[in-house]
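Reading through the structure tokens given below for one structure.
The values are calculated or read from the model by the stated rules, or taken from the named source; none is laboratory data. Predicted model only: the values in this text are computed from it and were never measured. Because the Cβ atoms are built from the backbone with ideal geometry, glycine has one as well, and the counts that use them run over all protein chains shown.
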């Protein structure tokens with residue numbers, strides 16, 4: 001069980017998560033920021049949600065009404081808390097790239113690839129036609 | 001609420017509001033002004049301290065979150081190779097960012113193998129004076145005291 005973003009940067013088993021985490025904030029913020037927090041914040045520019053999506057993660061959500069496990073991560077209800085993320089075994093093929101004006105800043109654009117799944121994040125490549133273009137280029 | 005925080009080996013018991021930042025607690029409530037406050041939003045790194053040994057930006061931690069835990073500020077950093085290297089390489093000018101840089105880098109020193117890793121370790125600390133070159137050179141010298149600095153022309 002890992003909680004902090006900084007714990008991901010020492011991971012050998014999930015190199016994609018490791019690489020993505022190295023682009024999240026700064027060393028001194030990664031010791032505090034949590035992985036579930038990155039996901040729950042729901043930013044379309046964030047690295048970890050994109051990496052977790054291509055890895056096919058599932059999300060355990062808890063509320064006073066009980067628990068549910070989600071395959072994708074839609075917005076939470078106000079009384080729900082994301083408590084656990086389960087990540088299946090890492091595919092052999094993976095890539096992570098992002099462009100940010102300064103290391104540690106929010107990226108303008110980024111891409112995470114694992115196996116045959118690809119996910120762009122950031123603001124510049126959000127259009128469906130751009131997604132098709134990228135997928136064609138990477139095929 | 002009443003909290004007790006161990007700072008540099010001494011226990012500080014104070015009455016704080018739940019919203020009090022650790023950075024303000026350290027400076028205003030405990031009088032330890034070596035920790036500097038720049039942006040108060042986690043960008044500049046001037047307020048970096050160590051919480052249970054790990055670097056944190058103290059403006060992003062509430063004082064109550066540090067209750068019962070161990071904080072180390074620049075006043076608790078014994079004089080050693082890192083500060084000596086900063087002196088020798090002229091790695092500070094106004095010095096405002098220096099305490100944060102020292103506290104951010106010190107726990108990582110033995111893991112920084114090359115310039116790229118040093119620069120990655122510094123991304124959370126802004127310096128508006130030096131242009132970073134002297135800081136990188138100082139950290140390089142401190143991280144590899146046995147000969148590597150000469151090798152790299154630092």
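When residue B:107 is tested against (1) surrounded by fewer than 19 Cβ atoms within 10 Å (Cβ to Cβ); (2) over 24 Å from residue A:9 (Cβ atoms), only condition (2) is not met.
Assess whether residue A:110 counts as being under 14 Å from the mean Cα position of the chain (by Cα) and within 14 Å of another protein chain (Cβ to nearest Cβ).
The answer is no for residue A:110.
Every listed requirement among (1) within 13 Å of the chain's Cα centre (by Cα); (2) within 30 Å of residue B:126 (Cβ to Cβ); (3) surrounded by fewer than 16 Cβ atoms within 10 Å (Cβ to Cβ) is met by residue A:86 save one, (2).
Does residue B:75 fit the bill of being within 22 Å of residue A:27 (Cα to Cα), out of contact with any helix residue (DSSP H, G or I) (no Cβ under 7 Å at 6 or more places or on another chain) and away from chain A (no Cβ under 14 Å)? The answer is yes for residue B:75. Determine whether residue A:27 is surrounded by 23 or more Cβ atoms within 10 Å (Cβ to Cβ) and more than 11 Å from the chain's Cα centre (by Cα). When the stated conditions are applied, residue A:27 passes them.
Every condition in (1) assigned to a loop (DSSP other than H, G, I, E, B); (2) within 14 Å of another protein chain (Cβ to nearest Cβ); (3) touching a residue at least 40 places away in the same chain (Cβ under 8 Å); (4) over 12 Å from the mean Cα position of the chain (by Cα) holds for residue B:65 except the one numbered (1). Checked against the criterion of being surrounded by fewer than 11 Cβ atoms within 10 Å (Cβ to Cβ) and within 15 Å of the chain's Cα centre (by Cα), the candidates A:74, A:64 yield just one match: A:74.
Screening residue B:90 with (1) on the phi > 0 side of the Ramachandran plot; (2) within 14 Å of chain A (Cβ to nearest Cβ); (3) touching a residue at least 24 places away in the same chain (Cβ under 8 Å) gives one miss only, at (2).
Here is a yes/no grid of residues against (1) in contact (Cβ under 8 Å) with a residue 60 or more places away in the chain; (2) on the phi < 0 side of the Ramachandran plot:
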site: A:45; (1), (2): yes, yes
site: A:56; (1), (2): yes, no
site: A:61; (1), (2): no, yes
site: A:64; (1), (2): no, yes
site: A:68; (1), (2): no, yes
site: A:73; (1), (2): no, yes
site: A:79; (1), (2): no, yes
site: A:83; (1), (2): no, yes
site: A:109; (1), (2): no, yes
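Are there helices (runs of 4 or more DSSP H) fully within segment B:75-154 with at least 3 residues that are touching a strand residue (DSSP E or B) at 6+ places or on another chain (Cβ under 6 Å), at pLDDT 95 or above and within 25 Å of residue B:39 (Cα to Cα)? List them. Fully inside segment B:75-154 and qualifying: B:98-105. Summed over segment A:11-32, the residues that are facing another protein chain (nearest Cβ under 10 Å) and free of Cβ contacts under 8 Å to residues at least 40 places away in the same chain give a count of 7.
Residues of segment A:98-124 being part of a loop (DSSP other than H, G, I, E, B) and within 30 Å of residue B:126 (Cα to Cα), which ones?
Matches in segment A:98-124: A:100, A:101, A:102, A:103, A:104, A:105, A:106, A:107, A:108, A:123, A:124.
Among the residues of segment A:98-110, is any surrounded by 13 or more Cβ atoms within 10 Å (Cβ to Cβ) and at pLDDT 90 or above? Yes, the conditions are met somewhere in segment A:98-110.
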